1. Given the conditions (1) under 16 Å from the mean Cα position of the chain (by Cα); (2) touching a residue at least 40 places away in the same chain (Cβ under 8 Å), report the number of the one that residue 72 does not fulfil.
2. So which of 147, 94 is of a type in the set (A, V, I, L, M) and in contact with a helix residue (DSSP H, G or I) (Cβ under 9 Å, 6 or more places away or on another chain)?
3. On the basis of being farther than 15 Å from residue 100 by Cβ, surrounded by 13 or more Cβ atoms within 10 Å (Cβ to Cβ) and touching a residue at least 24 places away in the same chain (Cβ under 8 Å), does residue 43 make the cut?
4. List the strands (runs of 3 or more DSSP E) inside the stretch 113-221, counting only whole elements, that have at least 2 residues being under 30 Å from residue 14 (Cα atoms).
5. With the condition kept exactly as written, say whether any residue in the stretch 48-55 is buried (at least 21 other Cβ atoms within 10 Å of the Cβ), in the same structural domain as residue 100 (by the TED database) and aliphatic (A, V, I, L, M).
6. Conditions: (1) without any contact (Cβ under 8 Å) to a residue 40 or more places away in the chain; (2) touching a Pro at 6+ places or on another chain (Cβ under 8 Å). Residue 37 meets all but one. Number of the miss?
7. Out of the residues in the stretch 131-183 that are without any contact (Cβ under 8 Å) to a residue 40 or more places away in the chain and basic (Lys, Arg), state the one that is surrounded by the most Cβ atoms within 10 Å (Cβ to Cβ).
8. Take the stretch 72-96 and flag every residue that is open to solvent by 10 Å² or more (accessible area, probe 1.4 Å) and closer than 25 Å to residue 42 by Cβ.
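The values are calculated or read from the model by the stated rules, or taken from the named source; none is laboratory data. Computed from a predicted structure; not experimentally measured. Reconstructed Cβ throughout: ideal geometry from the backbone, glycine too, with neighbour counts over all protein chains shown. These accessible areas exclude ligands, DNA and RNA; they are computed on the full protein's heavy atoms, side chains included. Shrake-Rupley method; radii C 1.70, N 1.55, O 1.52, S 1.80 Å.
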Amino acid sequence: MVLGTNPLMHYCSSNDNFTSHGPYERSLTKLMGNFYYLAPPNGFALGSLGQNSQERPYGLTLCRGDVSSSDCRTCVAEARSEIRKLCPNKKEGIIWYDNCVLKYSNKDFFGQIDKQNKFYLLNVQNVSDPMTFNQKTKELLSQLARIASTTPRMYAAGELELDDKGSKKVYGLAQCTRDLSSVDCKKCLDGAIDELPSCCDGKQGGRVVGGSCTIIPKGLT
């Protein structure tokens, strides 16, 4: 990823605003600065700053499990800059890129499944055998959800053959933000998998992307 890459999606709070150069903005700027240094070594960082509970931002950033530390740092730098432009003076915001997500709020959201912030992406190309593809995709993603929810990095990726010849495969990725418990990570991923048919039925690729977890299936032919 390079600087200037467009975000996949972003959301801002509609009501809660902070005062320019006030305590909330100062704490938010410092918190996002900390993320730039804290996230790249292990792909995740979270925290809150501020003496006054009314002016305290909570935030986290998560890099995709297969990106390098340098790409993680680049993505976090872009995310923290862009979200401030896209959500000026807003106390809540979230922004997604291919390589990372960054989220902040004036409410403590740590350890809770984010059911509000979500979007879908899909490849418009159809697969030749939708029934088999959908079945294998769900089988693979369910396996990855189990693995991701029980590993410290809460990330898993793998592939599954679609036929006996091994010439066609489906690839999958499952990842949660690491503030979730193992149980809630699994619940979040299972919920995302259940949404696949309504957004990406029989398509060669798709994503269900949320504020707490993400799944990405993709057909390899």
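1. (2)
2. One residue alone meets the criteria, 94.
3. Numbers: farther than 15 Å from residue 100 by Cβ: no; surrounded by 13 or more Cβ atoms within 10 Å (Cβ to Cβ): yes; touching a residue at least 24 places away in the same chain (Cβ under 8 Å): yes.
Criteria not met by residue 43.
4. 118-122, 169-176, 206-210, 213-220
5. no
6. Unmet for residue 37, out of (1) without any contact (Cβ under 8 Å) to a residue 40 or more places away in the chain; (2) touching a Pro at 6+ places or on another chain (Cβ under 8 Å): (2).
7. Per the criteria, the residue is 136.
8. Filtering the stretch 72-96 for residues open to solvent by 10 Å² or more (accessible area, probe 1.4 Å) gives 73-74, 77-78, 80-82, 84-86, 88-92.
Answer for the stretch 72-96, where residues must be open to solvent by 10 Å² or more (accessible area, probe 1.4 Å) and closer than 25 Å to residue 42 by Cβ: 73, 74, 77, 78, 80, 81, 82, 84.
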